[in-house]
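The structure appears below as structure tokens.
The values are calculated or read from the model by the stated rules, or taken from the named source; none is laboratory data. Note that the structure is a prediction, hence the values are computed from the model and not measured. Every residue, glycine among them, receives a Cβ derived from its backbone with ideal geometry; neighbour counts consider all protein chains shown.
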2 protein chains.
Amino acid sequence: MTVPESVSMPQGQGDSARIVTEMAGKARRAQRELAAMTSAARASALCEAARALRQARDAVLDANRQDVADARSQGLSDALLDRLAIDETRLEAIASAVEQVAALPDPLGTVIDASERPNGLRLSRVRVPIGTIGIIYESRPNVTADAAALCVRSGNAALLRGGSEAARTNRAILAAFQGGLAAGGVPAEAVQLIPTQDRAAVSAMLAAAGLIDMIIPRGGRGLVERVQADARVPVLAHLDGVCHTFVHADADPEMARAIAVNAKLRRPGICGAMETLLIDSGFARAADLVGALIDGGCELRGDGRAQALDPRIGRAHEGDWDTEYLDAVLSVAIVDGIEPALAHIAAHSSGHTDAIVTADEAAAERFLAEVDSAIVMHNASSQFADGGEFGLGAEIGIATGRLHARGPVALEGLTTYKWLVRGNGQARP
Amino acid sequence: MTVPESVSMPQGQGDSARIVTEMAGKARRAQRELAAMTSAARASALCEAARALRQARDAVLDANRQDVADARSQGLSDALLDRLAIDETRLEAIASAVEQVAALPDPLGTVIDASERPNGLRLSRVRVPIGTIGIIYESRPNVTADAAALCVRSGNAALLRGGSEAARTNRAILAAFQGGLAAGGVPAEAVQLIPTQDRAAVSAMLAAAGLIDMIIPRGGRGLVERVQADARVPVLAHLDGVCHTFVHADADPEMARAIAVNAKLRRPGICGAMETLLIDSGFARAADLVGALIDGGCELRGDGRAQALDPRIGRAHEGDWDTEYLDAVLSVAIVDGIEPALAHIAAHSSGHTDAIVTADEAAAERFLAEVDSAIVMHNASSQFADGGEFGLGAEIGIATGRLHARGPVALEGLTTYKWLVRGNGQARP
């Protein structure tokens, strides 16, 4: 399979708007066809897409080698190069993830609730696709296939805008994916790639109210903040993960140690990693707890009382309590019971995931009730904040906003509902 | 009771931002207290608010007389004066509506779904308040109490911004309402009125991302469009209601006539009123159908084939197919079966409410499945598009967007959810 050269794009703002408008129009028409298909047909087209990805192995790996070579010559960091690179194993993982999405239960048509009115009208709310989803993402080319698969499974069209450093790889993946979809009877325009040469296209996507129904930014804070600031289209976004773990006076010391070490150090760079540890002054084994973290390779920054626990603990500065380190660094504070713990979390949590460790059920239930975050945990590591771990099968992201969907977002979050009203001639009095 | 004079406000943009920030901060603190109260306590505080509204009768009616006198001297239309005016009957209706909201089932704490993972983690999603809701509305002062009651019932704080022509009335209603809340143990800052003298305050509200969690504009198209264009806060809005009724070849003629006349003429000015009638060319009694509408006082604008049905039908112009008349005017087109009817609706519907009249169940189910509007009806008048008629008890509005909530929005639409995760020491492998 050859990678199609993407059309060379004029650079003006008006042209970008025109291009996005045209692509969104095609997406809308394709989405209507997609939504009218059976669930089995959508799933089968995704299996064709997975097959096509495997068949396109040489084209994808070749395109990726060129992207990686260019990126290296432009001095991209090793971490970014690693995100960008695709080998046979990774391509197989991408194809296999598409098959897993194909196998997920179809959210469309699910009846959310139903009722019958005294006048005989029968009402129900059923899940339907949102429509056209714009996805704006950075380096990792696996997002191209992941996001496209989740959108197609849930009956949505996808307009994908990946990073320019992955442009060839994304085009190769998308060409294979579209070929598979078409073989499965899904119009290829259901998933389209917005050309990266056109730098104004992102602005045109963000302005495309009525053409694009939702935008999901996936990437660093800079990207997400720009999308949130500029979008005229509703945005489903993940911002910060300043996650807290509160070790209550009645926590089992061994459980507290195991959870804290896992929450911080299993993978310090994921959004569900603990960033602040709050230790109840009534918890007797605080020195052991911080010692285990330090011995595990973590840098601790404490308030005065925390520093007194271990001479290796540095001084926390004001901004530290609001910092998502995404690294083996942790803020630690001593609090006198659950009340100040709740107050600290209310003041500093980013609303992602916060956890309590305690054997006191009443304290746990109070914490679960009063902490106003997307995910609130009792006696578990915050690293479980993940769509796969939650049994959703896959996730398009974790939402830290409050509307539409919160926490891990998978197929259900890519749907909305409509009201069906069945009557037998009712006129309103 | 005296109506408090609202503090005189400095006019600068920076001052408006400061004022909105301060009020939102108080709202946030009050909302946390409100959310921690029991459902019974919130309901009881609303009953106190209803009582206080009745007790404040003289103050409210006096304030309203002044507002109406000013509005009349400024030349407001009779229709707007009627919306603004409050008499004893209307005040009683306002108080009684607050009691009805108090009696609605509490959405908070409802478990949406729950599961247990193989590792023993127990997950559930429970409904929680959204937080602080900004409501920006025009003339009708009953919105002040209605919106405040819906927000309090669902555990949200409300920042209300009414029209300047109703400023005294809104202040009198809010003062009574706050007094009642406080008597019931709810902090008065849970509902606040943004001063109307400060014209930049609306812009400050729209910009208050992170301080206000959702904005609901209630008013004419100009207001809603401005809010949608400028808001950095998520918006739940009602835009157009270009509602269609398709009379299929197999419609019962008498049912079709009764539904069409009701859908257009019961109250032509509501958003659920039919604006376009599509008649299947196979429907034998089309002339009777249009005749009944014309005889009922409706002006019809048709395509060429519709005009051939009755000499009293005028010529529809291109824009008519996208026009929400909100008046006794109707566009009429003849279509050859369900396929072109669906295509017309896909091209021209505003996504509010569309209906089919037919005795053919297969045609009805196809219409229900393929029309992508918030509400799709079979054999019923589109005038039923209303939260009360849907059994929701009350509505804060009808949403024509696609995310978060769609169609009539009541208490559930004022909630979001959080994930609760209960473990017994799980660390993620």
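Scanning the stretch B:156-173 for residues that are of a type in the set (Gly, Ala, Ser), touching a Pro at 6+ places or on another chain (Cβ under 6 Å) and modelled with pLDDT of 90 or more turns up at least one hit. Looking only at the stretch B:380-400, decide whether some residue is assigned to a strand (DSSP E or B), surrounded by 22 or more Cβ atoms within 10 Å (Cβ to Cβ) and modelled with pLDDT of 95 or more. Yes - at least one qualifying residue is present in the stretch B:380-400.
Scanning the stretch A:377-400 for residues that are in contact (Cβ under 8 Å) with a residue 40 or more places away in the chain and within 12 Å of the chain's Cα centre (by Cα) gives A:ALA385, A:ASP386, A:ALA394, A:ILE396, A:GLY397, A:ILE398, A:ALA399, A:THR400. Annotation for the stretch B:318-325: at least one member residue is within 14 Å of chain A (Cβ to nearest Cβ) and either under 24 Å from the mean Cα position of the chain (by Cα) or closer than 29 Å to A:ARG402 by Cα (or both). Among the residues of the stretch A:234-279, the ones that are farther than 30 Å from A:GLY134 by Cα and part of a loop (DSSP other than H, G, I, E, B) come to 6 in all. Of all the listed residues (B:VAL152, B:VAL143), the sole one being under 17 Å from B:GLU99 (Cα atoms) and at pLDDT below 95 is B:VAL143. Residues that are surrounded by fewer than 24 Cβ atoms within 10 Å (Cβ to Cβ), out of contact with any Ser or Thr (no Cβ under 7 Å at 6 or more places or on another chain) and part of a helix (DSSP H, G or I) occur at least once in the stretch B:134-142.
Look at the stretch B:267-289: where a residue is in contact (Cβ under 8 Å) with a residue 40 or more places away in the chain and a partner is β-branched (Val, Ile, Thr) and assigned to a loop (DSSP other than H, G, I, E, B), sitting 6+ places away or on another chain with Cβ atoms under 8 Å, you get B:GLU275/B:VAL242; B:GLU275/B:THR323; B:THR276/B:VAL242. All of B:GLY222, B:GLY180, B:GLY185 fail the test of being in a loop (DSSP other than H, G, I, E, B) and of a type in the set (Gly, Ala, Ser), apart from B:GLY185.
A:ARG305 meets the conditions (1) more than 29 Å from A:PRO408 (Cα to Cα); (2) buried (at least 16 other Cβ atoms within 10 Å of the Cβ); (3) among the basic types (Lys, Arg) in every case but one. The failed one is (2).
Scanning the stretch A:258-301 for residues that are over 22 Å from A:GLY319 (Cα atoms), touching a helix residue (DSSP H, G or I) at 6+ places or on another chain (Cβ under 7 Å) and surrounded by 21 or more Cβ atoms within 10 Å (Cβ to Cβ) returns A:ASN262, A:LEU289. Just a yes or no: is a residue in the stretch A:317-332 surrounded by fewer than 22 Cβ atoms within 10 Å (Cβ to Cβ), β-branched (Val, Ile, Thr) and in the same structural domain as A:MET274 (by TED's automatic domain parsing)? Yes, some residue in the stretch A:317-332 is surrounded by fewer than 22 Cβ atoms within 10 Å (Cβ to Cβ), β-branched (Val, Ile, Thr) and in the same structural domain as A:MET274 (by TED's automatic domain parsing).
Could you grab me the full set of residues in the stretch A:373-388 that are more than 18 Å from A:HIS248 (Cβ to Cβ) and more than 7 Å from chain B (Cβ to nearest Cβ)? Residues satisfying the conditions are A:ALA385, A:ASP386, A:GLY387, A:GLY388. Has the stretch B:48-65 got any residue that is within 23 Å of the chain's Cα centre (by Cα) and either under 30 Å from B:ALA207 (Cα atoms) or not assigned by TED's automatic domain parsing to the domain that holds B:ALA176 (or both)? No; the residues of the stretch B:48-65 include none that is within 23 Å of the chain's Cα centre (by Cα) and either under 30 Å from B:ALA207 (Cα atoms) or not assigned by TED's automatic domain parsing to the domain that holds B:ALA176 (or both). Among the conditions (1) touching a Pro at 6+ places or on another chain (Cβ under 8 Å); (2) without any contact (Cβ under 8 Å) to a residue 24 or more places away in the chain, B:ARG315 misses just one, which is (1). Exactly one residue out of B:GLY222, B:GLY179 is modelled with pLDDT of 95 or more and either under 22 Å from B:VAL233 (Cα atoms) or out of contact with any Leu (no Cβ under 6 Å at 6 or more places or on another chain) (or both): that is B:GLY179.
Number of residues in the stretch A:230-256 that are closer than 13 Å to A:ASP288 by Cα, touching a residue at least 12 places away in the same chain (Cβ under 8 Å), surrounded by fewer than 24 Cβ atoms within 10 Å (Cβ to Cβ) and at the interface with another protein chain (Cβ under 10 Å from one of its Cβ atoms) equals 2. Between B:ALA49, B:ALA41, the distinction of being at pLDDT 95 or above and in contact with a Phe, Trp or Tyr (Cβ under 6 Å, 6 or more places away or on another chain) belongs to B:ALA49 only. In the set (1) under 16 Å from the mean Cα position of the chain (by Cα); (2) within 11 Å of chain B (Cβ to nearest Cβ), the condition left unmet by A:ALA209 is number (1). Selection of the stretch B:188-209 for residues being among the β-branched types (Val, Ile, Thr) and part of a loop (DSSP other than H, G, I, E, B) yields B:ILE194, B:THR196.
Applying the criterion of being within 29 Å of the chain's Cα centre (by Cα) and not in a strand (DSSP E or B) to the residues of the stretch A:326-339, the residue that is nearest to A:GLY387 (Cα to Cα) is A:LEU326. Here the condition is being polar (S, T, N, Q), over 30 Å from B:ALA427 (Cβ atoms) and within 14 Å of chain A (Cβ to nearest Cβ); of B:THR89, B:THR110, it holds for B:THR110 alone. Mind checking whether some residue in the stretch A:353-362 is assigned to a loop (DSSP other than H, G, I, E, B), without any contact (Cβ under 8 Å) to a residue 40 or more places away in the chain and within 11 Å of chain B (Cβ to nearest Cβ)? Scanning the stretch A:353-362, I find no residue that is assigned to a loop (DSSP other than H, G, I, E, B), without any contact (Cβ under 8 Å) to a residue 40 or more places away in the chain and within 11 Å of chain B (Cβ to nearest Cβ), so the answer is no.
One residue alone among A:ALA363, A:ALA343, A:ALA347, A:ALA328 is small (Gly, Ala, Ser) and touching a Cys at 6+ places or on another chain (Cβ under 6 Å), and that residue is A:ALA328. Here B:LEU403, B:LEU420, B:LEU342 are screened, and the one residue that is more than 8 Å from chain A (Cβ to nearest Cβ) and either part of a loop (DSSP other than H, G, I, E, B) or crowded, with 20+ Cβ neighbours inside 10 Å (or both) is B:LEU342. Taken over the stretch A:300-324, the criterion of being in contact with a strand residue (DSSP E or B) (Cβ under 6 Å, 6 or more places away or on another chain), assigned to a loop (DSSP other than H, G, I, E, B) and under 19 Å from A:VAL247 (Cβ atoms) is satisfied by A:ASP303, A:ILE313, A:ALA316.
Scanning the stretch B:38-70 for residues that are outside any helix (DSSP H, G or I) and in contact with a helix residue (DSSP H, G or I) (Cβ under 8 Å, 6 or more places away or on another chain) yields one hit, B:ALA56.
Determine the pairs where a residue that is without any contact (Cβ under 8 Å) to a residue 24 or more places away in the chain, located within the stretch A:211-227, has a partner that is buried (at least 23 other Cβ atoms within 10 Å of the Cβ) and part of a strand (DSSP E or B) with Cβ atoms under 7 Å apart, the partner being 6 or more residues away or on another chain. Correct list of pairs: A:VAL224/A:PRO217.
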